[in-house]
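Here's the structure we're looking at; comments come further down.
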Amino acid sequence: MSTAPRTFGLVAGLGVGSGIFYYKALVDAHLALGLSARLVMVHADVRRVLAHVAAQEADELAEYLAGLLHQLAAAGAEIASIPAFSPQLCASQLAAITPLPLVNLVDVISAEVERRKLRSVSLFGASATMQTKLFGALQHVEVITPTPHEVDIIGKIYTQIVEKAGASEEEYSQLRALAHTIIDREKVETIILAGTDLALVFNPVNTDFPHIDGARLHVGAIMRAITS
């Protein structure tokens, strides 16, 4: 491929492990195409973002994220992405003030749900993501929320994964068992891995239940956007 990719800006730090995953996955994807990656990154304060989400402060969160995107634009980024689900709280506010076109993680997943013609799904990720059914962003599919006890377990494990930038074999086994339980009990067609740090736990080899891997799907969409 002779055309150089556009310079891509990554808002990392939400959490650190997913930022590292995106960086490596994007570099590998460029290499597979015979390209040299043109990437710039900025580090977001995950504590500040989660505090805004907990307080439902959409405007404040949008302003903070827009400031980070301005830094990426100043560094030469032509297109950007925020590899996290919690910023979906301020999606409309951010869209109005972003200085860069964004490859939106939730839009990518929503398009995949429609492409597969799915009728029912469940979500794994942060507690807020599950409880709000991905902040109400999935409009054309039934979203089955796990039981409150299951949400608590999944949410706590996910928080630990974000903090440690990885998961233990026990944590992987717990999430895998819960996925099978929910699919069998609720008859959902797939589990959406709606937490980018879950890419540190599940991969195409060790995931033996129907799923949509949000992070890996997102990386593919980013590559299409910056090489088109």
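The values are calculated or read from the model by the stated rules, or taken from the named source; none is laboratory data. Everything quoted here is computed from the prediction, not taken from an experiment. Methodologically, a virtual Cβ is constructed for each residue, glycine included, from the backbone with ideal geometry; neighbour enumeration extends over all protein chains shown.
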ask   = If you take the residues in the stretch 43-68 that are among the aliphatic types (A, V, I, L, M) and not in a helix (DSSP H, G or I), which one is modelled with the lowest pLDDT?
value = 55
message = Testing residue 122 on (1) among the small types (Gly, Ala, Ser); (2) over 25 Å from residue 189 (Cα atoms); (3) assigned by TED's automatic domain parsing to the domain that holds residue 146, one condition comes back false. Which one is that?
response = (2)
key: Identity of the residue in the stretch 175-200, crowded, with 24+ Cβ neighbours inside 10 Å and not aliphatic (A, V, I, L, M), that ends up farthest from the chain's Cα centre (by Cα)   = 197
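Name the residue that is nearest to residue 12 (Cα to Cα), counting only residues in the stretch 212-228 that are β-branched (Val, Ile, Thr) and more than 17 Å from the chain's Cα centre (by Cα).
Just the residues of the stretch 212-228 that are β-branched (Val, Ile, Thr), to begin with: 212, 219, 222, 226-227.
If we keep only those that are more than 17 Å from the chain's Cα centre (by Cα) as well, we get 226-227.
On the way: 226: 18, 227: 21 Å.
Once the filter is applied, the top-ranked residue is 226.
Regarding residue 167, is this residue aliphatic (A, V, I, L, M), in contact with a helix residue (DSSP H, G or I) (Cβ under 9 Å, 6 or more places away or on another chain) and part of a loop (DSSP other than H, G, I, E, B)?
Values: aliphatic (A, V, I, L, M): yes; in contact with a helix residue (DSSP H, G or I) (Cβ under 9 Å, 6 or more places away or on another chain): yes; part of a loop (DSSP other than H, G, I, E, B): yes.
Yes.
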Matching residues, the stretch 134-161, being in a loop (DSSP other than H, G, I, E, B), polar (S, T, N, Q) and under 19 Å from the mean Cα position of the chain (by Cα) = 139, 145
query = With respect to the numbered conditions (1) at pLDDT below 95; (2) within 22 Å of residue 96 (Cα to Cα); (3) in a loop (DSSP other than H, G, I, E, B); (4) not basic (Lys, Arg), which one is the sole condition not fulfilled by residue 3?
reply = (2)
ask   = When the residues of the stretch 116-133 are filtered to those that are under 14 Å from the mean Cα position of the chain (by Cα) and aliphatic (A, V, I, L, M), which remaining residue is farthest from residue 192 (Cα to Cα)?
value = 128
